[in-house]
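The values are calculated or read from the model by the stated rules, or taken from the named source; none is laboratory data. Keep in mind that what you see is a predicted model, and the values were worked out from it rather than measured. When we count neighbours, we look across all protein chains shown, and the Cβ atoms used for this are built from the backbone with ideal geometry, even at glycine.
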Amino acid sequence: MPAPAKSDIQAFWKSLYDSLYEDVDAGLTRADLMAALDDLEDMFRYREHLAVVEMPLAELAGKKVLEIGPGAGGHSALFAKHGARMTSVDLTNARARATEAKFRLMGAEGCHALQGDAENLPFADDSFDIVYSNGVLHHTADTEKAFAEVYRVLKPGGKAVILLYCKSSWHYWINMVLPVGILQGKLFKDRNWLGKATEWGGKNRQTVANPFTRCYTADGIRRLFQGFESLTMRKGEFYWYLVPKLGRLYRKYQIKRYGTHPGGVLVYGEPWPIQSPLELALGKIMGFAWHISARKPTR
C-alpha cells in the first residue's frame with residue numbers, strides 16, 4: 001500500500017474542519033469571538049492546558065509567535081488577544097483562512113495566517129520567540145523533519161511549546177490498542193490503524209481517513225527534542241467518556257453532573273463536557289497528552 005500523500009492529509013483535515021467548525025465560523029461576529037476567547041481561556045485554566053501553563057500569556061505582548069496547525073484559529077486568536085505577533089501556518093487552506101478571518105475580526109495588527117507545510121516552513125532561520133503546536137506534529141508525514149524545522153526557525157533562546165500524544169496512557173492501551181488494535185484485529189492488518197481510529201468529530205459522517213497518528217513515550221519525546229535544552233514534560237487529558245461503549249453512558253452522566261463549558265465552541269465546535277476532579281487527577285498520571293516545553297540553546 002503506498003504511503004499517504006500530502007493531499008490525503010489535506011483532504012482529511014479539510015473534511016474535519018467542515019464537520020467541526022464550518023457552522024461556528026459562518027456566523028461569527030467580533031463580539032461573539034471576543035466573548036468566546038474569554039471562555040476558551042477560562043476552560044484552558046480549569047484543565048491546566050498547554051495554552052495557559054506552558055504558554056506565558058501575561059508575557060506574550062510583542063513576542064513573535066508561530067503556531068503550526070492552528071485548526072480553526074482559536075489558540076492563535078487567544079495569543080493575539082494577549083498581544084502576541086502571531087504567524088499561523090496550516091497545511092489545509094480552509095484552516096489557514098479561518099484563522100486569518102479571526103485575526104481580521106479582532107483587528108489584530110501584525111498577525112497573519114497562511115497555508116504552509118510544517119516540514120518545509122517558509123521562514124528564515126531564527127525568526128520566532130516561540131513556536132507553539134497543539135496536537136499537530138504527530139499527524140505529519142515526517143515528524144522528525146517537522147521538529148528540525150521548529151528548531152531552525154526558533155531564535156536562540158526561543159521556546160518550543162508542543163502537545164503530542166502519549167503512548168504510556170490509558171487511552172492508547174485500554175481504549176485503542178485493546179479494543180481496536182487487538183480485538184478488531186486492526187493492529188495486525190494496517191500500519192495506520194491508529195490514525196484511522198482517531199480524530200473524527202462534528203456533524204458530518206466521516207468519508208476520508210486520517211493518514212497519520214503517532215504516540216510517544218517519554219524516551220521518544222527526549223529523542224525528538226535532541227538539541228533542545230530545559231525540556232519539561234507533563235501528562236494531561238483523561239476522559240472516561242472515551243472508553244468504548246460504556247463511555248457513552250458516562251458522557252450522559254458527566255454532562256448532567258458537571259455540565260458543559262462554552263470554551264469548547266471555538267476549538268471543538270461545541271461546548272466541552274467538563275472533566276470531573278478525578279479525571280483531572282488521573283490525567284496527570286495516565287493522560288493521553290504530553291504537555292512539553294523546551295528551549296533552543298543560545299549561541
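What number of residues within the stretch 149-184 are part of a helix (DSSP H, G or I), closer than 19 Å to THR217 by Cβ and touching a Phe, Trp or Tyr at 6+ places or on another chain (Cβ under 8 Å)?
The total comes to 4.
Inside the stretch 23-70, can you point out the residues that are over 29 Å from SER127 (Cα atoms), aliphatic (A, V, I, L, M) and surrounded by fewer than 17 Cβ atoms within 10 Å (Cβ to Cβ)?
ALA26, ALA31, ALA35
Can you find a residue that is buried (at least 17 other Cβ atoms within 10 Å of the Cβ) and within 19 Å of ILE174 (Cβ to Cβ) anywhere in the stretch 219-233?
Scanning the stretch 219-233 turns up no residue that is buried (at least 17 other Cβ atoms within 10 Å of the Cβ) and within 19 Å of ILE174 (Cβ to Cβ).
Of the residues in the stretch 154-202, how many are in contact with an Asp or Glu (Cβ under 9 Å, 6 or more places away or on another chain) and acidic (Asp, Glu)?
Here the count works out to 0.
Return the pairs, sorted by first residue and then second, in which the second residue is assigned to a helix (DSSP H, G or I) and aliphatic (A, V, I, L, M), the first residue lies in the stretch 247-262 and is farther than 25 Å from ASP32 by Cβ, the beta carbons are less than 6 Å apart, and the residues are 6+ apart or on different chains.
Pairs that qualify, where the first residue is farther than 25 Å from ASP32 by Cβ and the partner is assigned to a helix (DSSP H, G or I) and aliphatic (A, V, I, L, M): there are none.
Hey, which of the helices (runs of 4 or more DSSP H) in the stretch 227-299, taking only ones fully inside, have at least 1 residues that are in contact with a Ser or Thr (Cβ under 7 Å, 6 or more places away or on another chain) and among the hydroxyl-bearing types (Ser, Thr, Tyr)?
In the stretch 227-299, the matching helices (runs of 4 or more DSSP H) lie at 246-258.
Pairs needed: first member in the stretch 156-172, closer than 7 Å to PHE288 by Cα; second member anywhere, modelled with pLDDT under 95 and in a strand (DSSP E or B); C-beta distance under 6 Å; at least 6 residues apart or different chains.
Correct list of pairs: empty, since none qualify.
Can you confirm whether the stretch 106-124 contains a residue that is touching a Phe, Trp or Tyr at 6+ places or on another chain (Cβ under 6 Å) and either free of Cβ contacts under 8 Å to residues at least 40 places away in the same chain or part of a loop (DSSP other than H, G, I, E, B) (or both)?
Yes: the stretch 106-124 contains one or more residues that are touching a Phe, Trp or Tyr at 6+ places or on another chain (Cβ under 6 Å) and either free of Cβ contacts under 8 Å to residues at least 40 places away in the same chain or part of a loop (DSSP other than H, G, I, E, B) (or both).
If you go through the stretch 185-207 one residue at a time, do you hit one that is polar (S, T, N, Q), closer than 30 Å to SER7 by Cα, under 23 Å from the mean Cα position of the chain (by Cα) and assigned to a helix (DSSP H, G or I)?
No, that holds for no residue.
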